[in-house]
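Please treat every number below as a calculation from the coordinates, not as lab data. Computed from a prediction, not measured in an experiment: that's the story for all the values here. Cβ: placed from backbone, ideal geometry, glycine included. Neighbour counts: every protein chain shown.
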Amino acid sequence: MARAAFLFAVVAIVILARWTGATAQDETTSPEQLMSHGFDCFSCHAINKEVVGPAWITIAEHYHHDPSKVPYLAAKIRDGSVGDFGKIPMPAHQDMNNKLATYLANYILSLNGALEGPPRKYQYKNSNGEEVTVDFPVFENYQGRQVVTRDIFGGFEKYDSYCFRCHGFDAVGGEYAPDLRKSLDNGMSKHDFFVASMEGRSSKGMPGWAGFFDADELNQVYEYVEARALDLLPPGRPPSQSD
Ligand code: HEC
Ligand code: HEC
């Protein structure tokens, strides 16, 4: 337990170090910059797809781009929200002043476009010779060799830096935390994986990674763990372009 508390402190310090590097927080900064560098919005949201929370264009359409909703949304951004789109809570952002929250709410309401279509499918044979289908590429050819994609390798590196301490090397489970391969095998969806990872479960010793990873970075970790769960990757460092 003492060890878990220590690890938690280390994670907290790393996160703090990232936050102090944040860009200036005012309206001369573009909304995208603010949401990715100053705040943690792109950990849980994307413009045209659901992540932990709804896509920005889904929110804009839900409120019919109605400017009179700006104060309501600005208050939600600052105070947090639950129940407007589902059961998953959005954390509060009390460190954001009302002017900035209004600026971001205006920007979100102004967005429109199409939601991302269904993902492509990729088929591979796993180590037991079974055909498995995934919605992301795992391997590619590089100079005549089969290597893993940059995203999978990035996921391996991030897992191996931040998750292995509790969840075990090579994602096999640890003393303090469950085997994430089993979680996925037992039916945990990608969305649930993102919710647990970004929001954390602080009472159980699982830190939240929102503000530390953006959605694309956590997606790499997800792809790596899913490829391990499907027996597409053996334990250890996967072959990469830089070998
Ligand atoms: C840890 C995940 C998480 C983070 C970080 C996050 N959100 Fe959310 N957000 C959600 C969830 C989940 C919902 C849906 C809440 C609900 O159903 O009421 C949501 C809803 C919203 C809504 C719609 C609120 C409503 O009641 O209609 C807005 C606007 C929004 N988020 C903006 C932001 C902004 C701006 C940031 C960054 C400052 C941010 N979010 C950061 C998870 C998050
Ligand atoms: C300080 C220890 C610690 C670290 C570091 C950690 N976790 Fe966890 N994690 C836990 C614990 C403990 C649980 C179990 C929580 C519970 O019992 O509900 C957990 C649960 C989870 C779950 C839910 C699993 C399930 O079956 O419900 C996911 C997903 C997860 N962690 C992802 C991650 C990812 C991704 C990382 C690295 C970015 C990470 N964790 C880093 C301690 C940790």
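Quick one: among Phe153, Phe136, Phe42, which has the greatest mean-square fluctuation in a GNM of the chain with alpha-carbon springs under 10 angstrom?
Phe136
When the helix-only estimate is applied to the chain (DSSP H runs of n ≥ 4, each -39,500 (n - 2.57), divided by the residue count), what is the mean residue ellipticity at 222 nm, nearest 500 deg cm²/dmol? Write out the running numbers ahead of the final one.
Working: 10 runs with 97 residues, N = 243.
About -11500 deg cm²/dmol.
Mind listing the Cα extents of region 122-229 along all three principal axes, in Å, largest one first?
Sorted largest first, the three principal extents are 47, 27, 23 Å.
Where the Cα atoms of region 70-151 are projected onto their three principal axes, how long is each span, largest first, in whole Å?
55, 30, 27
Using R₀ = 25 Å, calculate the FRET efficiency as 1/(1 + (r/R₀)^6) where r is the Cβ-Cβ separation of Arg237 and Glu131; round to 0.05. Write down the numbers at each step before the final one.
Details: r = 26 Å, r/R0 = 1.02.
Calculated transfer efficiency: 0.45.
Tell me, what ³J(HN,Hα) does each residue in region 148-164 have, in order and in whole Hz, if you take phi through Karplus 6.51 cos²θ - 1.76 cosθ + 1.60 with θ = phi - 60° and put x for Gly and Pro?
Values, residue by residue: 7, 5, 4, 5, 5, 5, x, x, 4, 5, 5, 4, 5, 9, 10, 9, 4 Hz.
What is the diffusion coefficient of region 27-113 in µm²/s, taking the Kirkwood radius over Cα pairs and the Stokes-Einstein relation at 25 °C with a viscosity of 0.890 mPa s?
191 µm²/s
Could you tell me the center-to-center distance, by alpha carbons, between region 63-91 and region 124-149 in angstrom?
Region 63-91 and region 124-149 have Cα centres spaced 41 Å from each other.
Rg over Rh of the chain, using C-alpha atoms and the Kirkwood radius, what does it come to?
Numbers: Rg = 19.4 Å, Rh = 19.6 Å.
That ratio is 0.99, to two decimals.
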